[in-house]
Amino acid sequence: MNSGRKINSTDNINRKELLVTCPFMRALIMIEGRWKLVIICRLRDEGNQSFSGLQKLIPNASKRMIAKALNELVADNIVLKQKTNTYPLSSEYSLSEHGINLLPIIEQLKDWGQQVKPQTEEN
């Protein structure tokens with residue numbers, strides 16, 4: 001089934017070009033996705049977490065989606081991943097300095113979102 005959107009190699013080229021040339025788009029791309037902001041906010045509210053701890057805090061997200069979002073957040077240096085010296089081996093996730101610096105911006109987005117009303121058919 002075709003969703004109506006043509007996917008081609010220029011999509012990746014355009015995305016890479018935007019990451020390099022446009023700081024605004026770079027920032028949006030780094031936090032885009034259904035679960036990234038949720039993970040950032042959970043780490044803010046609950047502190048450092050293991051992967052299973054995040055799964056418990058975000059029960060509606062699949063294991064795969066949490067892992068994908070975490071890997072991208074770690075790659076973008078928003079979240080830090082530290083292996084623990086416990087048995088069995090595990091990792092602990094925490095906000096990096098960049099992640100902490102992002103928190104006031106997320107709060108402003110939340111405040112703005114509370115001020116605007118969704119469009120309905122009546123509007």
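Please treat every number below as a calculation from the coordinates, not as lab data. As the structure is a computational prediction, the values presented were derived from the model and not from experiment. Note that each Cβ is placed from the backbone with ideal geometry, even for glycine, and that neighbours are counted across all protein chains shown.
Identify all residues within the range 26-41 that are assigned to a helix (DSSP H, G or I), under 8 Å from the mean Cα position of the chain (by Cα) and more than 17 Å from residue 56 (Cα to Cα); write none if there are none.
Correct list: 30, 31.
Quick one: in the range 85-123, of everything that is surrounded by 12 or more Cβ atoms within 10 Å (Cβ to Cβ) and among the β-branched types (Val, Ile, Thr), which residue is farthest from the chain's Cα centre (by Cα)?
100
Might you check whether a residue that is touching a residue at least 12 places away in the same chain (Cβ under 8 Å) and outside any loop (DSSP other than H, G, I, E, B) occurs anywhere in the range 55-62?
yes
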